[in-house]
1. Can you pull out the residues in segment 226-271 that are outside any helix (DSSP H, G or I), over 18 Å from Glu191 (Cβ atoms) and of a type in the set (Ser, Thr, Tyr)?
2. If I ask for residues that are assigned to a loop (DSSP other than H, G, I, E, B) and open to solvent by 30 Å² or more (accessible area, probe 1.4 Å), which ones from segment 132-141 would you list?
3. For segment 174-190, does any single residue satisfy the condition of being open to solvent by 10 Å² or more (accessible area, probe 1.4 Å) and without any contact (Cβ under 8 Å) to a residue 40 or more places away in the chain?
4. Quick one: which residue in Gly208, Gly204 is closer than 25 Å to Phe93 by Cβ, within 14 Å of the ligand (Cβ to nearest atom) and either out of contact with any Pro (no Cβ under 6 Å at 6 or more places or on another chain) or at pLDDT below 95 (or both)?
5. Regarding segment 179-197, can at least one residue be identified that is more than 12 Å from the ligand (Cβ to nearest atom) and either part of a loop (DSSP other than H, G, I, E, B) or acidic (Asp, Glu) (or both)?
6. Which of the residues spanning segment 86-131 are part of a loop (DSSP other than H, G, I, E, B), open to solvent by 20 Å² or more (accessible area, probe 1.4 Å) and of a type in the set (Asp, Glu)?
7. Just the residues that are in a helix (DSSP H, G or I), modelled with pLDDT of 90 or more and either loosely packed, with under 15 Cβ neighbours inside 10 Å or not aliphatic (A, V, I, L, M) (or both), please, taken from segment 1-34.
8. Of everything in segment 226-240 that's more than 16 Å from Gly27 (Cα to Cα) and surrounded by 19 or more Cβ atoms within 10 Å (Cβ to Cβ), which residue is nearest to the ligand (Cβ to nearest atom)?
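The values are calculated or read from the model by the stated rules, or taken from the named source; none is laboratory data. Everything numeric in this text was worked out from a predicted model, so none of it was measured. Here the Cβ positions follow ideal geometry from the backbone for every residue, glycine too, while neighbour counts run over all protein chains shown. Note: areas computed on protein heavy atoms with side chains; ligands, DNA, RNA excluded. Shrake-Rupley method; radii C 1.70, N 1.55, O 1.52, S 1.80 Å.
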Amino acid sequence: MLQKIKETAEFLQGKVTSRPKIAIILGTGLGDLVSHIENKIEIPYTEIPNFPVSTVEGHSGKLIFGQLGGKEIMAMQGRFHYYEGYDMKEVTFPVRVMKAFGIETLFLSNASGGMNPSFEVGDLMLITDHINCFPEHPLHGKNYDELGPRFPDMSEPYARDLIQLAIEIGKENNVKLQKGVYVGTSGPTFETPAEYRRFYLMGGDAVGMSTVPEVIVAKHGGMRVFGISVITDLGVVGRIENVSHEEVQKAAAAAQPHMTFIMKEVIKRSN
Ligand code: HPA
């Protein structure tokens, strides 16, 4: 594994001269941030050694280098989901490569079902914490001390200073932002009403099928993390309706301008 990570990071370092310290993982229907990236260099996943290949509709699968908000960045358009059949080492491989490349802060977005009764479809939720409900842990098995500690601290999974910065940006610009705990689960089924209730009673505000594995591996490697979730449907008792992938994408697309704005501003003003 160490050899593969090194090989892939070196391949990318040979492809681009920039050395960004910021990486962004763009989730479902949120790829529009890409159009704000300047001087883009795009590398399809299919050309990157050791990279898994994305399969789901709406995820085009490439790594993009360029500038956003005046900063050098690396963006992943299309991520690897556990429900697609990848194991956790594959799902999180790009984050290992990012760390080896020199990335220090990881920004990510996702779509989720809101369980907090104060949430509405289309809300953006700053992720303040998460609960890992995946059946497999990305750090299961042998620990490589070169990558991080055997028992990583998770007391601040999402950087408090970046959350505070996003709150200020939201206030200054009249963008409504919720805050909450993201529950990560394997999918691919959306939740039954009883499952939404369970995740809410457990302490979750929103539930989705990604992010948690990548964040665990980023924290293992000592990276800083900031995440926003777009609430695309509601798992609130009494207000649960049918959910489909199309509806999730539609709601995510509608929230896209605000999501793009907040992400870009946080990146611009972060240090
Ligand atoms: N549950 C799980 N994942 C999701 C949901 C949901 O309701 N909405 C978008 N992704």
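1. Going through segment 226-271, the residues outside any helix (DSSP H, G or I) turn out to be 226-244, 270-271.
With over 18 Å from Glu191 (Cβ atoms) added as a condition, the list becomes 226-228, 270-271.
If the condition is that a residue be outside any helix (DSSP H, G or I), over 18 Å from Glu191 (Cβ atoms) and of a type in the set (Ser, Thr, Tyr), then Ser270 is the only one that fits.
2. Of everything in segment 132-141, those that are assigned to a loop (DSSP other than H, G, I, E, B) and open to solvent by 30 Å² or more (accessible area, probe 1.4 Å) turn out to be Cys133, Pro135, Glu136, His137, His140, Gly141.
3. The initial filter retains those residues of segment 174-190 that are open to solvent by 10 Å² or more (accessible area, probe 1.4 Å), namely 174-179, 181, 185-190.
Keeping just the survivors that are without any contact (Cβ under 8 Å) to a residue 40 or more places away in the chain gives 174, 189.
Within segment 174-190 (the criterion being open to solvent by 10 Å² or more (accessible area, probe 1.4 Å) and without any contact (Cβ under 8 Å) to a residue 40 or more places away in the chain), the answer is yes, since at least one residue qualifies.
4. Values: Gly204 fails: closer than 25 Å to Phe93 by Cβ.
Going through Gly208, Gly204 in turn, the sole match is Gly208.
5. Filtering segment 179-197 for residues more than 12 Å from the ligand (Cβ to nearest atom) gives 179-181, 194, 197.
Going one step further and asking which of them are either part of a loop (DSSP other than H, G, I, E, B) or acidic (Asp, Glu) (or both), we end up with none.
No, the conditions are met nowhere in segment 179-197.
6. Hits for segment 86-131 are Asp87, Glu104, Glu120.
7. Leu2, Gln3, Lys4, Lys6, Glu7, Thr8, Glu10, Phe11, Gln13, Gly14, Lys15
8. In the first step, residues of segment 226-240 are kept if they are more than 16 Å from Gly27 (Cα to Cα); the result is 234-240.
Filter again for surrounded by 19 or more Cβ atoms within 10 Å (Cβ to Cβ), leaving 234-236.
Working: Leu234: 8, Gly235: 5, Val236: 11 Å.
The residue in question is Gly235.
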